[in-house]
1. Any idea which of 67, 73 is within 16 Å of the chain's Cα centre (by Cα) and part of a helix (DSSP H, G or I)?
2. With 89, 106, 70, 93 as the choices, which residue is more than 23 Å from residue 13 (Cα to Cα) and surrounded by 16 or more Cβ atoms within 10 Å (Cβ to Cβ)?
3. I need the full set of residues from segment 76-107 which are out of contact with any strand residue (DSSP E or B) (no Cβ under 7 Å at 6 or more places or on another chain), within 22 Å of residue 47 (Cβ to Cβ) and not in a strand (DSSP E or B), in order please.
4. Might you check whether a residue that is within 21 Å of residue 4 (Cβ to Cβ) and at pLDDT below 90 occurs anywhere in segment 95-112?
5. Name the residue, out of 62, 25, that is farther than 22 Å from residue 78 by Cα, modelled with pLDDT of 80 or more and surrounded by 10 or more Cβ atoms within 10 Å (Cβ to Cβ).
6. Which members of segment 117-146 meet the condition of being within 17 Å of the chain's Cα centre (by Cα), surrounded by fewer than 18 Cβ atoms within 10 Å (Cβ to Cβ), closer than 15 Å to residue 12 by Cα and modelled with pLDDT of 65 or more?
C-alpha cells in the first residue's frame, strides 16, 4: 500500500497492485479545521446520496450493477458530515468480521470529508488492468513515510 498526502493535509491510501483508492481523509497529524458550509451551500440529502453513488460508480468497477444487492446505511453527525455506506452481506461472516463496504463522508456542500473502500479489495483483480477506475496520484501529492 502506498500513502500520499496533498497540500490540504488529506491522506490517500492506494493499493499499489491495482491502483485502487482504499481510503482518503485528513491525516491524523494534520491541523483539522472545521469545514463550514453556509445554509446557501447545503445540498439536500438526496443530492448528497446521488453524489456518493455517482462517485462510487466512477471509482469501483461494477458498483452500479451491484448496488441493488448491497445493504445501504446512512447517518449524519449533527448535520455537519453525512455518511453513506453500502455493505456486501452476500457471504457469511464471523462475528468479529466486518463485511466489505464502501463509505463516503460528505460535508453538506458535497465536498468529501472521508472515504473508505474495502469493497474493491474483495473484488477479483485482473493483472495489468488499466481501467478508468485506476487511480494515478497527481504530482501535487507527496508520498508519506510511515
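1. Working: 73 fails: part of a helix (DSSP H, G or I).
Criteria check complete, one pass: 67.
2. It is 70.
3. 78, 79, 80
4. Yes.
5. Exactly one of 62, 25 is farther than 22 Å from residue 78 by Cα, modelled with pLDDT of 80 or more and surrounded by 10 or more Cβ atoms within 10 Å (Cβ to Cβ), namely 62.
6. Selection gives 118 alone.
The values are calculated or read from the model by the stated rules, or taken from the named source; none is laboratory data. Please read all numbers here as calculations on a predicted model, not as lab measurements. Every residue, glycine among them, receives a Cβ derived from its backbone with ideal geometry; neighbour counts consider all protein chains shown.
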